[in-house]
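*Asks:* Below is one structure. I have some questions about it.
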Amino acid sequence: MTGFFKGYVRVVDRLSDYVGIVAMYLIFLMVGILLLDAVTRNVVHIPLHWCIEAAQFTLTAYYFMGGAKTLKDNDHVRMDLFYERLGAKGRARMDAITMVCLAFYLCVMLFGSISSTIYAIQTNETRFSMWNPSMIPIKCLMVACIVLMLLQTVSLFFKHIGTLRDVDLSPDAKADIA
């Protein structure tokens, strides 16, 4: 059974890494879009109305796509009142409880995002602006990224339970302690 958990953790961690790398490069796309907007508005005096919204969509994709990698790498914000004073198993226990709470939150978010995406598809929802872009692609991306964050939360939960049971489930672990 440990093989299943290791495989799950390896696949989800790798997927989170790949999606996180793509998200990392989105920041360059956003900077390019904003630079194009600045040049066309101030130098050429032809404002492009789509630039700011495209930058907003790119930023939205950036933070949704970076969520799972942030969780995986433990780069999220943590309120540390006594966490650092705990031992490895105490931290793992607290993190496992936190992962259950996070999974509940992500399930609620997933339910809402699926509902919002279905509405966008049924009504062909667009953003009310001069550019009038479709909301369907960003909402579909939101659903996919929330699913990935939920999968990463389960992966982290497995890792924390493994720590409590003295089993290393990290993808680079060489041997099990059964």
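*Asks:* What's the angle, to the nearest 10 degrees (0 to 90), between helix 88-123's Cα axis and the longest principal axis of the chain?
*Replies:* Helix 88-123 sits at roughly 30 degrees to that axis.
*Asks:* Calculate, in whole percent, how much of the Cα-Cα pair population of segment 1-105 lies beyond 25 Å. Mind dumping the intermediate values first?
*Replies:* Numbers: 2448 of 5460 pairs.
Summing the P(r) tail past 25 Å for segment 1-105 gives 45 percent.
*Asks:* Then there is this: Of the trypsin sites (Lys or Arg not before Pro) in segment 25-134, which ones lie in a loop per DSSP and count no more than 16 other C-beta atoms within 10 Å?
*Replies:* Filter output for segment 25-134: ARG78, ARG127.
*Asks:* When the helix-only estimate is applied to the chain (DSSP H runs of n ≥ 4, each -39,500 (n - 2.57), divided by the residue count), what is the mean residue ellipticity at 222 nm, nearest 500 deg cm²/dmol?
*Replies:* Details: 5 runs with 128 residues, N = 178.
For the chain, the value works out to -25500 deg cm²/dmol.
*Asks:* Give me the distance in nm between label points sitting 7 Å out from Cα along the Cα-to-Cβ direction at ASP75 and VAL100, one decimal.
*Replies:* With each label point 7 Å from Cα toward Cβ, the separation is 3.0 nm.
*Asks:* Taking the Cα centroid of segment 1-64 and of segment 113-167, what is the distance between the two, rounded to the nearest whole Å?
*Replies:* Segment 1-64 and segment 113-167 have Cα centres spaced 15 Å from each other.
*Asks:* Along the three principal axes, how long is segment 73-178 when you take its alpha carbons, biggest first, rounded to the nearest angstrom?
*Replies:* 57, 33, 21
*Asks:* Relative contact order (percent) for the chain, with alpha-carbon contacts under 8 angstrom and 6 or more residues of separation? Don't jump to the answer; show the numbers that get you there.
*Replies:* Details: 180 pairs, mean separation 55.0, N = 178.
The value is 31 percent.
*Asks:* Between the helical axis of 50-65 and the dominant principal axis of the chain, each derived from Cα atoms, what acute angle in degrees is found, rounded to the nearest 10?
*Replies:* It is inclined by approximately 10 degrees.
*Asks:* Do any chymotrypsin sites (Phe, Trp or Tyr not before Pro) in segment 73-178 lie in a loop, going by DSSP, with at most 12 other beta-carbon atoms within 10 Å of their beta carbon, and if so which? Write out the running numbers ahead of the final one.
*Replies:* On the way: sites: PHE82, TYR83, PHE104, TYR105, PHE111, TYR119, PHE128, TRP131, PHE157, PHE158; in loops: PHE82, PHE128, TRP131.
Loop-located and lightly packed - PHE82, PHE128.
*Asks:* So if the hydrodynamic radius of the chain is defined as the Kirkwood radius over C-alpha pairs, what does Stokes-Einstein give as its diffusion coefficient at 25 °C and 0.890 mPa s, in µm² per second?
*Replies:* Working: Rh = 18.6 Å.
My calculation gives 132 µm²/s for D.
Values in this text are rule-based calculations from the coordinates and carry no lab data. Quick caveat: nothing in here was measured; it's all calculated off a predicted structure. Because the Cβ atoms are built from the backbone with ideal geometry, glycine has one as well, and the counts that use them run over all protein chains shown.
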